[in-house]
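J.: I have a structure I would like to understand better, so I am pasting it below and will then ask my questions one at a time.
The values are calculated or read from the model by the stated rules, or taken from the named source; none is laboratory data. From a predicted model like this one, the values you see are computed outputs, not experimental measurements. Here Cβ is always computed from backbone atoms with ideal geometry, including for glycine, and neighbour counts include all displayed protein chains.
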Amino acid sequence: MSQDLSRLAGRALMVDVAGTTLSETEKTFLRDNHIRAICLFRRNVQDAAQTRALVAQLREACGDDVLIGIDQEGGAVMRTLFLPQAPSAMALGAVGDEQLAHDVGAALARGLASLGINLNYGPVLDLNNNPQNPVIGERSFGEHPESAVRLAAAWMQGHQQENIACCVKHFPGHGDTHTDSHLDLPVVDKSRAALDDYELAPFRALLPHSASLMSAHILFPQLDEAWPATLSPAILGTLLRQQWGYQGVAITDGMNMKAIRERWGQAAGTAQALRAGADLSLVLQFVDEMVASRQALEDAVRDGRLESARLAEAEQRVNALVARHPSRTRDYSPAQEAADVALFASAWRRALTAHGQPVRPTSRQLRLVLQQQAPSDGVSEAGLSADTLIGVLRQHFELDVVTFASRQALDWATLPQDGRYTVLASTTRERYGAREAASWQPDLHLALWNPYAAADLNAPALLTYGFADAALHAVADWLLGTLDATGRMPARLA
């Protein structure tokens, strides 16, 4: 019983690994703790050959029934920089074409299949009715449940046709929050009727078609006054399993996020999440806390707080997912990859959206104002390099570049008053404050990451919903007059 319990407890964890290869210590750790589920990050995936070799190592250490997951939503949330850069969900929302969404989902999955990854943490089903949301933004298909469901369903259908499992997130909805659960515990205090009509609607529509879901570290007092969704028997048990009858795999969001770790800890949080109805606890970053989480599950069974049958059920659900979506490396021909690059470029171009009637420059002389190097937002792992945008625009324009280390360091009044067309590029997820709103007056605002930043300044804007190379080239073509901005923002800016 003890060995079987230890095995079931280990198989209820999803963990991360340190680098681009497995050390002997890591191989031993994975085997000794019966781990079968791995979450990859950008640090793990340098190029295709290396990633395939790492996946082979993981299969050897964890078994052929390994589950390997990655955040590959599109837009800024793309762990692999070497695969074609897919458009964000909101870029697809701006186009509004279900066939395009289907084709993008399929192409994105083809890239993952070429690496042997069998689970994608996507699509995002959170709805964007809160412009102040610090973490969702362009990751959402928009604010309207009906259109978001149509596009997400098409994306999922294409994705799953390539036999890569989807994981819809963040159940039961992260869209209407002012707080990032990486940093604190958000609260969404809406009536059950309001939640049913809005936050829950996309999940209820699409969960029957998704192999898995990811829970949100958010407190919904009208669903459960005591526990956030990840730890809530009322949400993961009563609502999800009993009322909705969902039998797919429920995966927690990262238990190292402050919303959970600073209140309950990864180990105690894991025991409560499995008791609530989760099947995999995403225990990250700290190896000792991975061991403690396995031990916490064993202890919870031994003292009667958790039924061993609950762990067995969790294992069976993951087994069923992996049986349908095994980790197998598939061919990705250069011709297919080139076609996917072209597809994504077309999507980025079609998504380009004008706000406030921007007027193109009348000469090739531009002033470009932007932050020197945009920091990571902690979700997407990397921001847009100033040099990348400068390089794209310098192919077509004579640039006077003005960079700043932080927004507070830029005094707009010190810019030359020489009549040169001035472009401000927003390269972070950060919103603008009253100081910038009162004094920053570009001829054109490029909102290259968070589209809601366009509402903060009294200036015409172009929205790209992401900063992939194809999006930057689309901006250059608009400035040159060879591309019109035909996208429509799928949510209110303010």
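J.: Any residue at all in the stretch 432-441 that's more than 29 Å from the chain's Cα centre (by Cα) and modelled with pLDDT under 95?
T.: no
J.: Collect the residues in the stretch 455-494 that are within 23 Å of Pro145 (Cα to Cα) and not in a loop (DSSP other than H, G, I, E, B), keeping them in residue-number order.
T.: Hits for the stretch 455-494 are Ala455, Leu463.
J.: May I pose another question? In the set Asp411, Asp387, which member is at pLDDT 95 or above and either exposed (fewer than 15 other Cβ atoms within 10 Å of the Cβ) or farther than 26 Å from Val77 by Cβ (or both)?
T.: Within the list Asp411, Asp387, the selection yields Asp411.
J.: Can I ask one more? Check Ala101, Ala106, Ala37 and return the single one that is in contact with a helix residue (DSSP H, G or I) (Cβ under 6 Å, 6 or more places away or on another chain) and either buried (at least 23 other Cβ atoms within 10 Å of the Cβ) or closer than 16 Å to Val322 by Cβ (or both).
T.: Answer to the check: Ala101.
J.: Do any helices (runs of 4 or more DSSP H) lying entirely in the stretch 1-73 carry at least 1 residues that are small (Gly, Ala, Ser) and within 30 Å of Gly105 (Cβ to Cβ), and which ones are they?
T.: Output list reads 48-62.
J.: When you go through (1) assigned to a helix (DSSP H, G or I); (2) within 20 Å of Gln373 (Cβ to Cβ) one by one for Arg431, which number turns out not to apply?
T.: (1) is the only condition that Arg431 fails.
J.: Further question on the same structure: Identify, from the list Phe397, Phe404, the residue that is aromatic (Phe, Trp, Tyr), modelled with pLDDT under 95 and in the same structural domain as Gln371 (by TED's automatic domain parsing).
T.: Just one listed residue meets the conditions, Phe404.
J.: Out of (1) surrounded by fewer than 19 Cβ atoms within 10 Å (Cβ to Cβ); (2) touching a residue at least 24 places away in the same chain (Cβ under 8 Å); (3) in a loop (DSSP other than H, G, I, E, B); (4) assigned by TED's automatic domain parsing to the domain that holds Ile235, what's the single condition that is false for Leu306?
T.: Condition (1) is where Leu306 drops out.
J.: Hey, could you check the stretch 208-241 for residues that are part of a helix (DSSP H, G or I) and of a type in the set (Val, Ile, Thr) and say which is farthest from Ala273 (Cα to Cα)?
T.: Per the criteria, the residue is Thr238.
J.: Considering the stretch 133-167 alone, what residues qualify as being without any contact (Cβ under 8 Å) to a residue 60 or more places away in the chain and over 23 Å from Val188 (Cα atoms)?
T.: Correct list: Arg150, Ala153, Ala154, Met156, Gln157, Gly158, His159, Gln160, Gln161, Glu162, Cys166.
J.: What is the number of the single condition among (1) under 27 Å from Glu26 (Cβ atoms); (2) touching a helix residue (DSSP H, G or I) at 6+ places or on another chain (Cβ under 9 Å); (3) not in a strand (DSSP E or B) that Ala250 does not meet?
T.: (3)
J.: Of everything in the stretch 1-59 that's among the acidic types (Asp, Glu) and modelled with pLDDT of 95 or more, which residue is nearest to the chain's Cα centre (by Cα)?
T.: For the stretch 1-59, the residue satisfying everything is Asp16.
J.: Checking the condition out of contact with any Asp or Glu (no Cβ under 7 Å at 6 or more places or on another chain) and on the phi > 0 side of the Ramachandran plot, which residue from Gly419, Gly433, Gly391 passes?
T.: Gly419
J.: Just need a number here: residues in the stretch 162-221 that are closer than 16 Å to Tyr121 by Cα and of a type in the set (Ser, Thr, Tyr).
T.: So the count comes out to 3.
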